[in-house]
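The values are calculated or read from the model by the stated rules, or taken from the named source; none is laboratory data. All values derive from a computational prediction rather than experimental measurement. Neighbour counts run over all protein chains shown; Cβ positions are idealised from the backbone, glycine included. Accessible surface areas use protein heavy atoms only, side chains included; no ligands, DNA or RNA. Shrake-Rupley method; radii C 1.70, N 1.55, O 1.52, S 1.80 Å.
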Amino acid sequence: MITATVFLPLLGAVVAGLFGRFIGDRAAQIVTCTLLIASAVMAGLIFQKVALGGEAQTVVIAEWIRSGTMAVNWSLKVDTLTAVMLIVVTWVSAAVHVYSVGYMSHDPSIWRFQSYLSLFTFAMLMLVTSDNLVQMFFGWEGVGVASYLLIGFWYEKPSASAAAIKAFVVNRVGDFGFALGIFGVYVLFGSVGFDAIFAAAPDKAAASINFFGVEWHAITICCLLLFVGAMGKSAQLGLHTWLPDAMEGPTPVSALIHAATMVTAGVFMVARMSPLFEFSDTALTVVTVVGAATAIFAATVGCVQNDIKRVIAYSTCSQLGYMFFAIGVSAYQAAIFHLMTHAFFKALLFLGAGSVIHAMSDEQDIRRMGGIWKHVKVTWVLMWIGSLALAGIPFFAGYYSKDTILEAAWASHTLAGQGAYWLGCTAAFLTAFYSWRLLLLTFHGRPRADEHVMAHVHESPAVMLIPLLFLAGGALFAGWAGYEAFVGHHNQDFWRSSILVTAAHPSLENAHHVPSWVALLPTVVAVSGIALAYLFYVFAPGLPVALANTFKGVHQFLLNKWYFDELYDWLFVKPAFKLGRGLWQGGDGALIDGVGPDGVAAATRVVAQKVARMQSGYLYHYAYAMLIGVAAFVTWYIFNAR
Amino acid sequence: MIQTSDLVPVLPEIFIALAGLALLMLGVFRKEDSTKSVSVLVILAFGAAMVLVSSLGAERLTAFNGLFVADRFAGFAKGLVLVASAIALAMSLPYLEREKIGRFEYPVLVLFATLGMMMMISANDFIALYLGLELQSLSLYVLAAYNRDNAKATEAGLKYFVLGSLASGLLLYGISLLYGFAGTTSFEGLANLFAGGHEHPVKPNMGVIAGLVFVLAGLSFKVSAVPFHMWAPDVYEGAPTPVTSFFAVAPKIAALCLLTRVMTGPFADLVEQWRQVVTFIAIGSMFVGAFAAVVQTNIKRLMAYSSIGHVGFVLVGIAAGSTLGIQGVLIYLAIYLFMNVGVFAVVLSMRQKGRLVEGIDDLAGLSKTHPMMAFVMAVLMFSMAGVPPLAGFWGKFYVFMAAVEAGQFTLAIIGLLSSVVSAYYYLRIIKVMYFDEPVEAFDKPVGASMSLVMAVSTIVILAFTLIPAPLVTSAKAAAQVLFPAAG
């Protein structure tokens, strides 16, 4: 059953990808959706058996690599952590598959899209079911490829192609770190299998490794390298620049890959490696700081963006920051809990945004929307649910997970944890603000779109709304339903051995005993954020403009996303182009070609002409040459006579 | 005294000579034009001679007091020469008829030239050598100027004659020097002398060396090796194309076999001395053959430089001075024979509106107008360039391997480099045929004999890689008789 769950999407991808041309769009849609739904149902059964029933298991499929002492298998390891991921991946993916049938109905290459989606799902499942680092890397790269293909799905659009390349290149930086991390782990433990690594981790807690001639704490180095990989995939501050651009892809892709699943792969990977991270306080502190910084950074930028999808993209970036600083304070369970709830409400928001875009004739700028709630009532309600969950309003899904994270951060009693708490609360305020800014500008107020567009505003078809309703159910109830099991007092009974938290890091346990103001503050700031949004965009619409003009510098700074792209462009991209051009024109063209092939060829021609010119046609020249030859040979012997 | 047993080893030559005389009579006394019938009879005579040659067996026989020798080496070489001459003559016929210059002397001259070559190959004494060489040369001079109404052809014939005489002079002078310092012109006598088997062993002194150089110069002229090559491009271009195709193959093979026998026979123990000159000549020939051909626009001139280059490669094998080297030489010559007749069959088919054209540009777009001919030419060009798995590659492989085994690394490396350069002009022809826009198409039909030659040569070139054994083993057996000591 586990094997089928993982490989059914691959089957769908192959059928739709290789034969989509022949079987037609409709057949490709039916095949991929059916297989994915089957996979999702089985994932539910697996969750029932493994997470609730406690029957963790590993299925070995085949031997992959055997070289010296290195042995890598293709195998599917399913424990509670994986079971949760299976649920998230297959359910959201199934919803997105179905939704795409409606959303992409006017696209000329539907079968290709469905095939890519299924391929992505397969790679993601390989990633989460891996029992070793190498297979995980396979899945890791697989989702990277699928992401590249899907961001650049409309490859005739230059901006889409550029965004796809950017995503791929930025991810390479992270992947390089991940690969080095795998090498480091192998050097340290002599194995890439999780079970072997985790079993040996306590013994290696004090080991050191020589790196650039200095002795370092070995596990810290490995963890930091692995975290670089996670930063790339999960768009953490520094390596986040690709995620907003990735919104060039079709909206279902943004929902599946760039909100619910792939970007959370980094979170999953670090949680999976918890038995390693637990032995390095330095690495955990770094994770906390990076996570908190990302959360606040992305939230500030999200407040001023005008593209509906980019606002949600920065929101995703920010929420991933929350997950990471939860990990940083050893609240892995809370991180995964938030991962799950976030997957539902963020996919809901993205697909809802897609529904809006669909209704608005492909308009994405929220400044040109407004007042459409009457026309798209279902979407409107669903977007409200998603936003309430995102803002962490009580009893919606996000409330449970986000509050747990913030409480755990406060309860960690470390400087980084405390800082993360305060930054997290500020970010929660901003989150609520930009969520309602989006809602109010999109659905409420007077219409700002032209009459032509407004005349066409229509509710999406059922095939798009049903997945939305499904996800809304998750956004409503996932937090409430999962709270006790995921992060409650007895969460150890749920997670069992899949996550390790040492006694030195009791933050999650402490989170249940924090002062009441700590627990209440996030809700208070969220409500104030909503109130501020109402003030700005309903009661005093002139205020934001006045503010933006007064604090022009700050506004520009935020609008330009802290100038990260410009900085990277100046720091890496331009020099890389310059270097490339230099090596190409100077190194390859002038030096290698000039002295090598071209130079030799030119010299050959010159020599050839000289040799041919000796052929004068005059008899006496020829005779002369012969006699000179004989004379030269005889002279040679006279002077070389022994 | 001539004994009857003396005549057995010479039977093929005697047969050819008598056939020549008979056919001359036939030509003179027949009223109508007899070019065709005489040609056919000459080709038949070559075939018969071939049977006689092969019937002589593996034994080493001498005749006329050791002036003449028949052994496996001679048999192999004569086989190649007879095949080459027969094919060249067969390819000449359509041309002669079309140009209306057919006269029965033409086949007879080819026959006497071939007789000279056979005598050269079997020479075992410098006097016999000279006789064979002159019989061949005189016939060739006439053939070069055969189209006597054509200024270019007569110029070619004259140049060839004057320079050939000079070369013969050098050769004779070298022979007289050798005789003066060694007291004999017999190959065996000289070999014994230098090997130290004589009562008064002769040290390789200055006079002997000078004689050796002069002999080498004379023979180098015949094989058109640098710096005695300059006649070749002019004569190849000027002479009628069938004559060129004859020149390019049979006399080259004969002269190279002769050179091989001289270097490994009487001068076997002077290998350290002659190797220096042969190395230089080989390098020069490969170099000139590679570079000068790059700028040629006339296909016959190009073939002249190409053959100079090939001679360079063959000399690499001779310079190795070992059984392996000579085996390589013989394999190379056999492959060279088929490559060249194939190419000349194509060149002879290059007719536009009944007129023969010779420009490389005229081949443009041949792949579209004559796909089969273009394919044949492409195979031959790849083979000439030494592209595996075609036969030309193996020819080069054997001589370079021999050079490496003999420790001649410089020679092998320079050879490889020059074969890279020469690949340029071979591949350029393929490029012109396959990638340039077609100009005027060549006349059809190509003719049965041409098609046959093209087909046979292509098959041989392609098949050698699959079934190399017959050629390789017979070449090895032939090479071994030159090194009786090595057994």
Checking the structure you have, find out if any residue of region B:181-193 is open to solvent by 30 Å² or more (accessible area, probe 1.4 Å), closer than 24 Å to residue A:639 by Cα and either more than 9 Å from chain A (Cβ to nearest Cβ) or at pLDDT below 90 (or both).
yes
Is it the case, given these coordinates, that residue A:18 is within 18 Å of residue A:195 (Cβ to Cβ) and either assigned by the TED database to the domain that holds residue A:123 or out of contact with any Leu (no Cβ under 8 Å at 6 or more places or on another chain) (or both)?
no
Kindly indicate whether residue A:578 is without any contact (Cβ under 8 Å) to a residue 12 or more places away in the chain, open to solvent by 40 Å² or more (accessible area, probe 1.4 Å) and more than 10 Å from chain B (Cβ to nearest Cβ).
yes
With the requirement that a residue be within 7 Å of chain B (Cβ to nearest Cβ), small (Gly, Ala, Ser) and in a helix (DSSP H, G or I), what does region A:621-642 give you?
A:623, A:625, A:629
So which residues in region A:145-164 are part of a helix (DSSP H, G or I) and open to solvent by less than 10 Å² (accessible area, probe 1.4 Å)?
A:146, A:147, A:150, A:151, A:160, A:163, A:164
Output the residues belonging to region A:603-620 that are open to solvent by 60 Å² or more (accessible area, probe 1.4 Å), in a helix (DSSP H, G or I) and more than 7 Å from chain B (Cβ to nearest Cβ).
A:606, A:610, A:613, A:620
Region B:314-424: helices (runs of 4 or more DSSP H) wholly inside it with 2 or more residues that are aliphatic (A, V, I, L, M) are B:323-348, B:371-385, B:391-405
Please tell me if residue B:323 is within 14 Å of chain A (Cβ to nearest Cβ), surrounded by fewer than 24 Cβ atoms within 10 Å (Cβ to Cβ) and of a type in the set (Ser, Thr, Tyr).
no
Test residue B:287 against the criterion of being within 12 Å of chain A (Cβ to nearest Cβ) and in a helix (DSSP H, G or I), and give yes or no.
yes
For region B:1-55, which residues satisfy the criterion of being within 23 Å of residue B:84 (Cα to Cα) and not in a helix (DSSP H, G or I)?
B:9, B:10, B:34
Test each condition in (1) more than 11 Å from chain A (Cβ to nearest Cβ); (2) within 30 Å of residue B:356 (Cα to Cα) for residue B:265 and report the one that comes out false.
(2)
Somewhere in region A:188-200, is a residue of a type in the set (Gly, Ala, Ser) and in contact with a Gly (Cβ under 6 Å, 6 or more places away or on another chain)?
no
If residue B:212 satisfies all but one of (1) more than 11 Å from chain A (Cβ to nearest Cβ); (2) within 23 Å of residue B:329 (Cα to Cα); (3) more than 12 Å from the chain's Cα centre (by Cα), what's the number of the condition it fails?
(1)
Does at least one position in region B:432-441 carry a residue that is among the small types (Gly, Ala, Ser) and assigned to a loop (DSSP other than H, G, I, E, B)?
yes
For the structure I just gave you, tell me whether residue B:86 is part of a helix (DSSP H, G or I), in contact with a Phe, Trp or Tyr (Cβ under 7 Å, 6 or more places away or on another chain) and surrounded by fewer than 19 Cβ atoms within 10 Å (Cβ to Cβ).
no
Show the residue pairs that are 6+ apart or on different chains and have beta-carbon atoms under 7 Å apart, the first residue being within region A:366-381 and under 16 Å from residue A:448 (Cα atoms), the second being of a type in the set (Lys, Arg) and outside any helix (DSSP H, G or I).
A:367/A:448; A:368/A:448; A:369/A:448; A:370/A:446; A:370/A:448; A:371/A:446
Can you tell me which residues in region B:447-471 are open to solvent by 40 Å² or more (accessible area, probe 1.4 Å) and assigned to a loop (DSSP other than H, G, I, E, B)?
B:465, B:466, B:467, B:468
Quick one: would you say residue B:245 is within 14 Å of chain A (Cβ to nearest Cβ) and within 16 Å of the chain's Cα centre (by Cα)?
no
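Matching residues to (1) at pLDDT 95 or above; (2) within 21 Å of the chain's Cα centre (by Cα); (3) farther than 23 Å from residue B:234 by Cα; (4) within 14 Å of another protein chain (Cβ to nearest Cβ):
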| position | (1), (2), (3), (4) |
| --- | --- |
| B:100 | no, no, yes, no |
| B:105 | no, no, yes, no |
| B:108 | no, yes, yes, no |
| B:143 | no, yes, no, no |
| B:149 | no, no, no, no |
| B:152 | no, no, no, yes |
| B:157 | no, yes, no, yes |
Within region A:536-569, can you find the residues that are over 26 Å from the mean Cα position of the chain (by Cα) and surrounded by 15 or more Cβ atoms within 10 Å (Cβ to Cβ)?
A:536, A:537, A:544, A:548, A:555
Select from region A:482-527 the residues that are surrounded by 14 or more Cβ atoms within 10 Å (Cβ to Cβ), of a type in the set (Ser, Thr, Tyr) and more than 28 Å from the chain's Cα centre (by Cα) and list them in ascending order.
A:523
Kindly provide the set of residues from region A:401-453 that are over 28 Å from the mean Cα position of the chain (by Cα) and closer than 28 Å to residue A:334 by Cα, ordered by number.
A:411, A:413, A:414, A:415
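To keep it simple, each residue is scored yes or no on (1) in a helix (DSSP H, G or I); (2) touching a Gly at 6+ places or on another chain (Cβ under 9 Å).
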{"position": "A:15", "(1), (2)": "yes, no"}
{"position": "A:20", "(1), (2)": "yes, no"}
{"position": "A:30", "(1), (2)": "yes, no"}
{"position": "A:34", "(1), (2)": "yes, yes"}
{"position": "A:39", "(1), (2)": "yes, yes"}
{"position": "A:46", "(1), (2)": "yes, no"}
{"position": "A:55", "(1), (2)": "no, no"}
{"position": "A:59", "(1), (2)": "no, no"}
Which residue is nearest to residue A:198 (Cα to Cα), if the candidates are limited to region A:131-143 and must be open to solvent by 10 Å² or more (accessible area, probe 1.4 Å) and in a helix (DSSP H, G or I)?
A:134
Given the conditions (1) more than 10 Å from chain A (Cβ to nearest Cβ); (2) buried (at least 22 other Cβ atoms within 10 Å of the Cβ); (3) farther than 19 Å from residue B:185 by Cα, which single one is not true for residue B:297?
(2)
Sole miss for residue B:65 among (1) of a type outside the set (Lys, Arg); (2) open to solvent by less than 20 Å² (accessible area, probe 1.4 Å); (3) over 22 Å from residue B:249 (Cα atoms) is condition (2)
